[in-house]
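Take a look at the structure below.
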Amino acid sequence: QFLVQFKRHLIVFGGFHDNPLRGESKYFNDVHAFDLQEMVWKKLEIGGVKPPSPRSGCNLFVTLDGRIVLYGGYCKEKVKTKVTTGKKGGDSAKEVGKTLDDMFLLVPDKHDETLTKWRWHNVKQTGNKPNPRSGISSVAVPNSNKALFSGGVNDEENGNHISDDEEANEMRQG
């Protein structure tokens, strides 16, 4: 879930595009808002700390005090590998999947009534946090700044086999 409703807007973060002809994936870390009254998309201006890395399958939820939390996700990164074919060797790039467990806050500028100016903040996670995962579901706990996480996967590429995280159905409180 990388879309949440915030006041009269739908906020969308990241995503990806696969290009099967080239065998490449492109991941995004941009943020857009759809105004439910004006029926118009806007790209948000984001300041603050370094933004989350491009990803898909991350989770967003809105806190009671009006901040948006981003957790986890999945991306593919290019990794250089050595090629040793014939007499010539060299470097090649291979895409390797990575499941993420980082957390950020997306906070609207208090003085911007258009809701187009926001700031990223890093979140230092403590306690018994979930394993890295993507595709996780969450729900905010009413009258608190807590959320319940459930499900998700931790994809690990082992040759041609992708295995799911054994704790994928475990529910944790964050």
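The values are calculated or read from the model by the stated rules, or taken from the named source; none is laboratory data. Bear in mind the structure is a predicted one, so any value in this text is a computation, not a measurement. Calculation scope for accessible area: heavy atoms of the full protein, side chains included, ligands and nucleic acids excluded. Shrake-Rupley method; radii C 1.70, N 1.55, O 1.52, S 1.80 Å.
Largest accessible area first, the residues ARG8, ARG55, ARG22 order themselves as ARG22, ARG8, ARG55 under a 1.4 Å probe with ligands, DNA and RNA left out.
The phi-based Karplus calculation (6.51 cos²θ - 1.76 cosθ + 1.60; θ = phi - 60°) puts the 3J(HN,Hα) values of region 117-125 at 10, 9, 9, 8, 9, 6, 10, 7, 8 Hz, whole numbers, x for Gly and Pro. What a 1.4 Å probe finds exposed on region 36-85 is 57% carbon and sulfur by accessible area, rounded to a whole percent.
Above 15 Å, the calculated P(r) of region 3-88 contains 68 percent of its Cα-Cα pairs. Taking a quarter of the surface of the Cα convex hull of region 17-154 gives a mean projected area of 12.1 nm². Short-range pairs are left out: with C-alpha atoms under 8 Å and at least six residues apart, the relative contact order of region 92-159 is 30 percent. Using a cutoff of 8 angstrom between alpha carbon atoms and counting only pairs six or more residues apart, the relative contact order for region 14-84 works out to 25 percent. Structure note, pairs LYS80/LYS129; LYS26/LYS124; LYS7/LYS76; LYS50/LYS76; LYS26/LYS146; LYS43/LYS129: Cα-Cα distances above 23 angstrom occur for LYS80/LYS129; LYS26/LYS124; LYS7/LYS76; LYS26/LYS146; LYS43/LYS129.
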